[in-house]
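Take a look at the structure below.
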Amino acid sequence: MTQTATYRVGSNIAFIKYWGVADATINIPLNNSISMTLADAYTTTTVTWDVDGRLATDEVTVDGERFAPKKAQRVVDHLDRLRAVAGVNYRAQVTSANNFPMASGIASSASGFAALTVAGCAALGLDLDPTRLSAIARRGSGSASRSLFGGFVEWEQGHDDVTSVAHQLYTEDHWDLRDIVAVISSEEKKVSSAGGHLLALTSPLAEGRRDHVDGWLAEVRRAITERDIARLGPIIELDALAMHSVMMTSNPSLLYWQPGTLTILHAVQHWREDDGLQAYFTIDAGPNVHLICEADTAAEVETRLAQLPGIERVIVSQAGPGPMRIFEDQT
Ligand code: PMV
């Protein structure tokens, strides 16, 4: 039996967001979400199962830092899920590295838990299809369910552990979009998305977003099918603003934005109104802004971002493939 496996998995940026859980124990979301898997922001994870019983505990190292037990707990909980699927009780050594800063506004939990799932299962010799792997990854982090697939991906809300899974809408070469992340703060956020999902339903606006989201999902599917940025853009902005309105009005309130966030939102609106530049924003659970545009607009967006104050760095990614196994001579 193979005991070790390494996978590289791209993170993803949601066009219609996952925010709020109907069932927190298995991460059943309040609505479907649609994302683009990223080629240039990925996590590479090696899982080695200790079949000989040498390890006293699971060992977790992320970006060179050996996690203390408390910090490692979420990974250990996920290893428990993999052990349960395989019916084994081996401990594991997990080594994971992101090619982007963890608090950059790119979801390391999406690529991280997807990579942990595929590498861990492969190392156990489990031959599971991507749909099943998506269900398992969802339990680690909801957005990880989408990183099991490349290109453009929809996670179906579903109603239980089997039906709440992602599937591919189109492969990565369907549409050459760019995600340009303007990092205005790489400080770690005070409330994690895992904590935030539990608060969503305390907002009086959560029901309102839910009432509209099916229509927005249909619009986004159609925009992707037709490769129509002028149709996609306004809807992704609307949903990002709706999600942040829910966050801001939850109890306690989650206000992830900083002054620099707003500076970019206003700038992008002006670039469109004054110069017809087709770039649109979306924002995850943090202050950093993702600008979505077609490939031929990306250089202009980057040039303009460089002229704005308060941006720490810019990370650009195109659409990417699903999980890739890496063999030793490639690492
Ligand atoms: O998978 P989580 O629990 O990190 O939640 C992700 C939440 C958002 O990034 C804000 C939205 C999304 O759909 O990715």
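Does Ala223 meet the test of being closer than 19 Å to Met36 by Cβ, surrounded by fewer than 19 Cβ atoms within 10 Å (Cβ to Cβ) and of a type in the set (Gly, Ala, Ser)?
no
Checking Val153 against (1) open to solvent by 50 Å² or more (accessible area, probe 1.4 Å); (2) of a type in the set (Val, Ile, Thr); (3) under 16 Å from Ser33 (Cα atoms), which test does it fail?
All conditions are met except number (1).
Kindly indicate which of Leu82, Leu116 is hydrophobic (A, V, I, L, M, F, W, C), modelled with pLDDT of 95 or more and in contact with a His (Cβ under 7 Å, 6 or more places away or on another chain).
Leu116
Going by what's in this entry, would Val153 be described as within 16 Å of the ligand (Cβ to nearest atom) and farther than 27 Å from Ile26 by Cβ?
Criteria not met by Val153.
Pull up segment 175-192, narrow it to residues that are open to solvent by 20 Å² or more (accessible area, probe 1.4 Å) and not aliphatic (A, V, I, L, M), then point me to the one that is nearest to the ligand (Cβ to nearest atom).
My answer is Ser192.
If you scan segment 268-284, which residues turn out to be open to solvent by 10 Å² or more (accessible area, probe 1.4 Å) and not acidic (Asp, Glu)?
Once the filter is applied, which keeps residues that are open to solvent by 10 Å² or more (accessible area, probe 1.4 Å) and not acidic (Asp, Glu), segment 268-284 yields Gln269, His270, Trp271, Arg272, Gly276, Leu277, Gln278, Tyr280.
Pick from segment 29-41 the residues that are aliphatic (A, V, I, L, M) and open to solvent by 10 Å² or more (accessible area, probe 1.4 Å): which of them is nearest to the ligand (Cβ to nearest atom)?
Only one residue tops the list, namely Leu30.
Can you find, within segment 133-150, the residue that is farthest from the ligand (Cβ to nearest atom) among those that are under 27 Å from Asp176 (Cβ atoms) and assigned to a loop (DSSP other than H, G, I, E, B)?
Gly150
Just to be sure I understand the filter: pairs with C-beta atoms under 9 Å, separated by 6 or more residues or on different chains, first member in segment 193-210 and within 17 Å of Arg74 (Cα to Cα) and open to solvent by 40 Å² or more (accessible area, probe 1.4 Å), second member near the ligand (Cβ under 10 Å from one of its atoms) and in a helix (DSSP H, G or I). Which pairs pass?
Pairs that qualify, where the first residue is within 17 Å of Arg74 (Cα to Cα) and open to solvent by 40 Å² or more (accessible area, probe 1.4 Å) and the partner is near the ligand (Cβ under 10 Å from one of its atoms) and in a helix (DSSP H, G or I), are Ala194/Ser109; Ala194/Gly142.
Could you pull out the residue among Ala122, Ala103, Ala92, Ala97 that is surrounded by 24 or more Cβ atoms within 10 Å (Cβ to Cβ) and in contact (Cβ under 8 Å) with a residue 24 or more places away in the chain?
Of Ala122, Ala103, Ala92, Ala97, the one residue that is surrounded by 24 or more Cβ atoms within 10 Å (Cβ to Cβ) and in contact (Cβ under 8 Å) with a residue 24 or more places away in the chain is Ala92.
Output the residue which, of all residues in segment 303-327 that are without any contact (Cβ under 8 Å) to a residue 24 or more places away in the chain and not aliphatic (A, V, I, L, M), is least open to solvent (accessible area, probe 1.4 Å).
Thr303
Here's a check for you: in segment 285-299, which residue that is within 24 Å of Pro101 (Cα to Cα) and out of contact with any Lys or Arg (no Cβ under 9 Å at 6 or more places or on another chain) is most open to solvent (accessible area, probe 1.4 Å)?
Checked segment 285-299; the qualifying residue most open to solvent (accessible area, probe 1.4 Å) is Ala299.
Assess whether Leu116 counts as being open to solvent by less than 20 Å² (accessible area, probe 1.4 Å), within 14 Å of the ligand (Cβ to nearest atom), touching a strand residue (DSSP E or B) at 6+ places or on another chain (Cβ under 8 Å) and not polar (S, T, N, Q).
Considered against the rule, which asks whether it is open to solvent by less than 20 Å² (accessible area, probe 1.4 Å), within 14 Å of the ligand (Cβ to nearest atom), touching a strand residue (DSSP E or B) at 6+ places or on another chain (Cβ under 8 Å) and not polar (S, T, N, Q), Leu116 comes out as yes.
For segment 58-71, check the following and say yes or no: at least one residue is outside any strand (DSSP E or B), aromatic (Phe, Trp, Tyr) and touching a Ser or Thr at 6+ places or on another chain (Cβ under 8 Å).
Yes, segment 58-71 contains a residue that is outside any strand (DSSP E or B), aromatic (Phe, Trp, Tyr) and touching a Ser or Thr at 6+ places or on another chain (Cβ under 8 Å).
Of the numbered conditions (1) under 21 Å from Gln269 (Cα atoms); (2) in contact (Cβ under 8 Å) with a residue 24 or more places away in the chain; (3) more than 15 Å from the chain's Cα centre (by Cα), Glu300 satisfies every one except a single condition; which is it?
(2)
Within the set of pairs 6 or more residues apart or between chains, which connect a residue that is without any contact (Cβ under 8 Å) to a residue 60 or more places away in the chain inside segment 158-173 to a residue that is of a type in the set (D, E, K, R) and part of a helix (DSSP H, G or I) with Cβ atoms less than 6 Å apart?
Final answer for the pair search is Ala166/Arg146.
Which members of segment 274-299 meet the condition of being more than 19 Å from Thr261 (Cα to Cα) and of a type in the set (Val, Ile, Thr)?
If the condition is that a residue be more than 19 Å from Thr261 (Cα to Cα) and of a type in the set (Val, Ile, Thr), then Thr297 is the only one that fits.
Would you be able to tell me the number of residues in segment 1-21 that are closer than 30 Å to Ser245 by Cβ, outside any loop (DSSP other than H, G, I, E, B) and small (Gly, Ala, Ser)?
Matching residues across segment 1-21 total 3.
Only residues that are in contact with a Phe, Trp or Tyr (Cβ under 6 Å, 6 or more places away or on another chain) and basic (Lys, Arg): list them for segment 112-150, please.
The one that is in contact with a Phe, Trp or Tyr (Cβ under 6 Å, 6 or more places away or on another chain) and basic (Lys, Arg): Arg146.
The values are calculated or read from the model by the stated rules, or taken from the named source; none is laboratory data. Just so it is clear, the structure is predicted and the values come from calculations on it, not from any experiment. Please note: Cβ atoms are built from the backbone with ideal geometry, for glycine as well, and neighbour counts cover all protein chains shown. Protein only, heavy atoms only, side chains kept; ligands, DNA and RNA dropped before computing areas. Shrake-Rupley method; radii C 1.70, N 1.55, O 1.52, S 1.80 Å.
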